[in-house]
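Engineer: My questions will all concern the structure given below.
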Amino acid sequence: MPDHTLYQLFAETFPFWEGLTDGDKEALVRSSYPVDFKKGTHIHDGNECTGVILVRSGNLRLYLLSSEGKEVTLYRLYGGDVCVLSASCVLDAITFDVSVDAEEDSACVVVGSCVLEELSRRIPQVKLFIMEIALSRFSDVMWVMQQILFMSMDKRLAIFLLDESAKTGSDTVKLTHEQIAKYMGSAREVVTRMLKYFSAEGMISATRGEGIKLLDKKRLRALAFQQL
């Protein structure tokens with residue numbers, strides 16, 4: 001990716017960009033590089049400072065991985081989103097290991113962590129931007145924790161199906177039971193059992209290879225938004 005393209009991308013992404021000196025801009029551009037991640041690529045495991053990742057297209061998944069191998073999906077990032085939890089050296093408040101995978105072929109730009117760390121220590125606007133991104137994602141993480149700790153499985157699954165439908169603009173959720181379980185931090189058997197219940201109640205239809213079609217969104221919404 002030519003330098004002038006990175007200049008334009010950073011100007012559109014970073015609100016602090018115009019406040020940087022020409023030298024700071026050049027250093028940030030020179031330390032950054034484009035990278036294409038193939039679907040299924042493990043990008044970050046929390047043991048290193050990968051750097052801030054700008055997602056230009058595709059889909060990245062951030063999750064926690066237990067010592068037993070259980071995964072809890074925190075959130076997913078799409079084109080135009082910024083991943084800062086992969087830059088623990090820049091954000092000192094990160095004290096837990098987050099893993100990042102490419103859910104589909106993804107075009108990204110990795111922003112040099114050393115230069116960004118130096119800028120964040122010297123320029124308050126840079127630090128503020130990173131903190132604001134992290135705090136906005138903290139709300140997503142707390143929502144996931146609230147669901148896992150306090151919501152019944154049928155309510156969680158209804159919310160998940162409606163969210164996926166809204167993201168894709170389709171009434172059909174083309175995910176396997178295994179994928180849904182992974183995203184929800186549950187077991188495939190539990191997801192399968194609950195989907196069978198939804199199907200028997202006429203809220204969805206599930207056909208192998210064709211995905212899960214939402215037949216009665218009104219009832220799913222009533223289930224999703226009922227009082228805890």
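The values are calculated or read from the model by the stated rules, or taken from the named source; none is laboratory data. None of the values given here were measured: they were computed from a predicted structure. Glycine also receives a Cβ, built like all others from the backbone with ideal geometry; neighbour counts cover every protein chain displayed. Note: areas computed on protein heavy atoms with side chains; ligands, DNA, RNA excluded. Shrake-Rupley method; radii C 1.70, N 1.55, O 1.52, S 1.80 Å.
Engineer: Against the definition (open to solvent by less than 20 Å² (accessible area, probe 1.4 Å) and assigned to a helix (DSSP H, G or I)), how does residue 149 come out, yes or no?
Structural biologist: Considered against the rule, which asks whether it is open to solvent by less than 20 Å² (accessible area, probe 1.4 Å) and assigned to a helix (DSSP H, G or I), residue 149 comes out as no.
Engineer: I've got another one for you. Keeping to region 83-128, report how many residues are buried (at least 17 other Cβ atoms within 10 Å of the Cβ), modelled with pLDDT of 80 or more and among the polar types (S, T, N, Q).
Structural biologist: 4
Engineer: If you take the residues in region 24-60 that are surrounded by fewer than 12 Cβ atoms within 10 Å (Cβ to Cβ) and modelled with pLDDT under 95, which one is farthest from residue 179 (Cα to Cα)? Reasoning before the result, please.
Structural biologist: Filtering region 24-60 for residues surrounded by fewer than 12 Cβ atoms within 10 Å (Cβ to Cβ) gives 38, 40, 42, 47-48.
Filter once more, so that each one left must be modelled with pLDDT under 95: 40, 42, 47-48.
Values: 40: 12, 42: 16, 47: 25, 48: 26 Å.
Going through the qualifying residues, I end up with 48.
Engineer: The conditions are (1) within 12 Å of the chain's Cα centre (by Cα); (2) assigned to a loop (DSSP other than H, G, I, E, B), and residue 87 fails exactly one of them. Which is it?
Structural biologist: Tallying (1) within 12 Å of the chain's Cα centre (by Cα); (2) assigned to a loop (DSSP other than H, G, I, E, B), residue 87 fails exactly one: (1).
A quick yes/no check of all residues on (1) within 30 Å of residue 52 (Cβ to Cβ); (2) touching a Gly at 6+ places or on another chain (Cβ under 9 Å); (3) open to solvent by 20 Å² or more (accessible area, probe 1.4 Å):
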| site | (1), (2), (3) |
| --- | --- |
| 137 | yes, no, yes |
| 162 | no, no, yes |
| 171 | no, no, yes |
| 174 | no, yes, yes |
| 182 | yes, no, yes |
| 190 | no, no, yes |
| 197 | no, no, yes |
| 214 | no, no, no |
| 225 | no, no, yes |
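Engineer: Any chance you could count how many residues in region 10-23 are part of a helix (DSSP H, G or I) and open to solvent by 30 Å² or more (accessible area, probe 1.4 Å)?
Structural biologist: 7
Engineer: Here's something else I'd like to know. From 61, 56, grab the single residue that is touching a residue at least 40 places away in the same chain (Cβ under 8 Å), within 17 Å of residue 111 (Cα to Cα) and not in a loop (DSSP other than H, G, I, E, B).
Structural biologist: 56
Engineer: Would you please list the contacts, defined by Cβ atoms under 9 Å and residues six or more apart or on different chains, that run from a residue in region 99-127 that is in contact (Cβ under 8 Å) with a residue 40 or more places away in the chain and under 27 Å from residue 64 (Cα atoms) to a residue that is of a type in the set (Lys, Arg) and open to solvent by less than 60 Å² (accessible area, probe 1.4 Å)?
Structural biologist: Going by the 9 Å Cβ cut-off, the qualifying pairs are 99/61; 100/61; 101/61; 102/61; 103/61; 103/76.
Engineer: Do the conditions hold for residue 35, that is, is it touching a Gly at 6+ places or on another chain (Cβ under 8 Å), more than 20 Å from residue 133 (Cα to Cα) and aliphatic (A, V, I, L, M)? Don't jump to the end; show me each part of the working.
Structural biologist: Values: touching a Gly at 6+ places or on another chain (Cβ under 8 Å): no; more than 20 Å from residue 133 (Cα to Cα): yes; aliphatic (A, V, I, L, M): yes.
No; evaluated as a whole, the condition is false for this residue.
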